[in-house]
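What follows is one structure encoded as structure tokens, with my remarks underneath.
The values are calculated or read from the model by the stated rules, or taken from the named source; none is laboratory data. From a predicted model like this one, the values you see are computed outputs, not experimental measurements. Note that we place each Cβ from the backbone using ideal geometry, even for glycine, and neighbour counts take in every protein chain shown.
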Amino acid sequence: MRKTGAPSGLSRREIINARLHVVVALFVVWLIVTSPWVSMLRRIPSDAGFFDYAHVVVGWLALVCGVLYAVSVAGGGRLRQYLPGKTAGIGGVIEGLLLLALLATALTGALWFFLQGSADAITWRSLHIYSARALIGLGLAHVVAVAAHLLDF
Ligand code: HEM
Ligand code: HEM
């Protein structure tokens, strides 16, 4: 039984989740696609370019929206939809890992931001790059799983 009877038949939470999903997906695609033009090493360089600043701003937005999305989609007893077991299929487990990789990537980026200039910044930068690669792999798996689901293989 759904509590709010929106015309679409979706609950308010489902509508918010769908919007957040679009926003998070667009931010992540931007961050990944533009990353070849991002080069900041130890700190935001004094001659930072558009894509450096854009990465920091969009990265922070992705962190905020990603946390809201993860809580909204997996909070309140819905976490088991994303854990291996009776209720989650392979697609759900991929989504769960994808959410984890998103949070790890955003958090390691944020830690780099706070530790700029220190040797630790270099450590968080490389952890950020590893988690971004995991995010890319899982994102591709997610798109394939969703496409397979829609085509009903
Ligand atoms: C980091 C980026 C992404 C994250 C964290 C993410 C996460 C998720 C999650 C958790 C769900 C399940 C939502 C629910 O059950 O309410 C989902 C569904 C879906 N995702 Fe993503 N996603 C991302 C990127 C993408 C991209 C780039 C596409 C576009 C190809 C996409 C297409 C879809 C579709 C079509 C569904 C609905 C699947 C269905 O109804 O069976 N996602 N996503
Ligand atoms: C979900 C959010 C984020 C995603 C998906 C993302 C993605 C990426 C990707 C794909 C790279 C390139 C990795 C490579 O060179 O192979 C990268 C590099 C980097 N990102 Fe992010 N990022 C995010 C958030 C952030 C945040 C919040 C910050 C800091 C405010 C940040 C700072 C950096 C830095 C410093 C680099 C290394 C640039 C360099 O010196 O080459 N990122 N990120």
Checking L140, L83, L150 in turn, the sole residue that is surrounded by fewer than 15 Cβ atoms within 10 Å (Cβ to Cβ), at pLDDT below 95 and within 18 Å of V22 (Cα to Cα) turns out to be L150
Output the number of the condition that F27 fails; it satisfies all remaining conditions of (1) assigned to a helix (DSSP H, G or I); (2) within 16 Å of ligand 2 (Cβ to nearest atom); (3) out of contact with any Cys (no Cβ under 9 Å at 6 or more places or on another chain). (3)
With criteria (1) under 18 Å from A104 (Cβ atoms); (2) in contact with a Leu (Cβ under 8 Å, 6 or more places away or on another chain), V56 comes up short on (2)
Please find, among L100, L127, the residue that is out of contact with any Gly (no Cβ under 9 Å at 6 or more places or on another chain), within 11 Å of ligand 1 (Cβ to nearest atom) and either more than 16 Å from V29 (Cβ to Cβ) or not acidic (D, E) (or both). L100
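Sort out which residues of the stretch 80-126 are of a type outside the set (A, V, I, L, M), over 12 Å from L41 (Cα atoms) and either over 17 Å from the mean Cα position of the chain (by Cα) or not in a helix (DSSP H, G or I) (or both), and write them in order of number. Even if it seems obvious, please write down each step before you answer.
Applying the first criterion (of a type outside the set (A, V, I, L, M)) to the stretch 80-126 yields 80-82, 84-87, 89, 91-92, 95-96, 105, 108-109, 112-114, 116-118, 120, 123-126.
Then keep just the ones that are over 12 Å from L41 (Cα atoms); that gives 80-82, 84-87, 89, 91-92, 95-96, 105, 108, 114.
Scanning the stretch 80-126 gives R80, Q81, P84, G85, K86, T87, G89, F114.
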